[in-house]
Structures are given as structure tokens and as C-alpha cells.
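Structure first, then comments.
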Amino acid sequence: MSAHEQFAEDLALYALGALQGYELVDLEKHLADCPSCRRELEELRGDMALMALSAAGPVPPRRSEQRLLDAIGHEPRAIRSRRPGRSWWGALGWVAAAVMAGGVFWFWQQSDRTAQQMARVQNEFSSQQIELKRTRDVVATLTAPDAQVVSVVAPNAPPQPQGKVIYVRDRSSLVFIASNLPTPPPQKAYELWLIPTQGTPIPAGVFKPNSHGSATVVNPPLPAGVEAKAFAITVEPEAGSITPTMPIVMMGAGE
């Protein structure tokens, strides 16, 4: 056996990090002067990388697997001709460890991806539940047999702005729909007021119409069980007010 062939048989163990002692020193000296062995070493390392990643990716080329196994299979002959006592079974353990590490990493990635998908589905489900509840609340208000329906209009303003309030006192729920509203002045907005049979006006939502003059207010926060005498609309700062600012631009009385 030539010196080159003898060292070539140690390359598999060296690539696995399993070569030790004098053999490691001798091989590294040989690699410094042997381009052929250095190329073979790089090919073996590439083959090992493909085998380690095969659990999470494409199957490595058959020639890569065979070349690595052939290189390891030569070790028993080298042992008999050189230093007794070294076992090539440890090299197979390193291969198994590399493949297992690749598999663990792949399963960890899959678990993390699954957790992210579950969290996204949960968020979407929660959002849908919130929207479904809002829709049910609106439908319940619009179809309640005890709903109070009040038309809110502006006098002498062509085309006449108009709105409708559907208010259910026992549920403290309210839906307001308006049309033909002019755009409010800069930094201003409309505010809806519930005027109770007793006490001061109660804010019932700040809003701005869209480009077609339409606007809605859906279930603003209202105190429980307030009986409405009328509803009114004023122009207020965008943040709203706690008391109406005169003049009242639209108003409707309850029945």
C-alpha cells in the first residue's frame, strides 16, 4: 500500500472528527502536501453534509452515500496494516449522530411552524367571533319588537339631510343611519345626542360622513335603561363634547 493510499483511507475518520493521536498528526502533515487528498476530503465532507440533511430535504445522490461508505469500509484494512486497536465503528456513530441532528432540527422547525400557524388561526377565529357578535347585536337591535324608531331631519336644507335612530332602551343598544350629510368644517365632526325624559343630553357617538354624505353609529356606550325623549345632532370638535354646542343641526322626537 502506498503512502498516499494509506492516508486516503483515514480521510473518512478525519472528516468525521474521529481521527486522533499520531494518525491525526501524520494525516494533517500529508494533507499539507497532497492536493489530491485535500480534494477527496472536501468531497467526503460534502457527502456527509448531504446525508445529515437528508432527513429534512432531498435525498442525497447515491454516489455520495456510496463514496462515504466505501471510504469508511476501507478502514479495517488500514487497521491491520498499521496500528492495531482503532475501531471504525466509532465513525459510523458519528454519521448516525449527524443524521439524527439533522432530523431533530427539521422536526423543531416543523413544530415551530405549526405553532405559528395555530396562533394565526386562533387570532383569525377570535376576530371573526368579535365581528359575528357585533353583527348579531346590530340585527337584534334592528329587529327588536320594542325598538324605538326616530327620524332625525334638518329643516329647510336641500337635499335634506336625514337620519334614523333605532334604539332599544332595555338593552342600551342603538343604531343610527344618516344620508345627505354635508361635510363638517375642518377639525370638526358630528355628534349624536340622546335627550332623556329627565336629565341632561347624553353623548351617543361622534361621526363623519363619507364622500356620499352617509354615516353610521353602531352601539355607542350608553347608560342602562335610559328612556329617550328625542335625539339630536350638533357639530363638535373631532374628539366630541360632553355637552351639546349650539345650534342643533338635526333633531327628532321619540314616539
Exercise. Look at segment 217-231 and say how many of its residues are in contact (Cβ under 8 Å) with a residue 60 or more places away in the chain and touching a Pro at 6+ places or on another chain (Cβ under 7 Å).
Key: 1
Quiz item: Mind checking which residues of segment 241-255 are within 20 Å of Q160 (Cβ to Cβ) and surrounded by fewer than 10 Cβ atoms within 10 Å (Cβ to Cβ)?
Solution: P247
Quiz prompt | Close pairs from segment 182-210: first closer than 15 Å to P223 by Cα, partner among the polar types (S, T, N, Q) and part of a loop (DSSP other than H, G, I, E, B), Cβ under 8 Å, at least 6 apart | solution = T200/T243; P201/T243; P203/S241
Quiz item: Assuming V235 fulfils every condition listed in (1) out of contact with any helix residue (DSSP H, G or I) (no Cβ under 6 Å at 6 or more places or on another chain); (2) without any contact (Cβ under 8 Å) to a residue 40 or more places away in the chain; (3) in a strand (DSSP E or B) apart from one, which condition is it?
Solution: (2)
Quiz prompt | Leading residue by the ranking (surrounded by the most Cβ atoms within 10 Å (Cβ to Cβ)) among those in segment 198-240 that are over 19 Å from R169 (Cα atoms) and of a type in the set (D, E, K, R) | solution = E236
Quiz prompt | Neighbours by Cβ (under 6 Å, 6+ apart or cross-chain): first from segment 148-177, farther than 19 Å from E227 by Cβ and in a strand (DSSP E or B); second basic (K, R) and at pLDDT 80 or above | solution = I177/K164
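The values are calculated or read from the model by the stated rules, or taken from the named source; none is laboratory data. Owing to the predicted nature of the structure, the values given are computational and were not obtained by experimental measurement. No Cβ is skipped: glycine too gets one built from the backbone with ideal geometry, and neighbour counts run over all protein chains shown.
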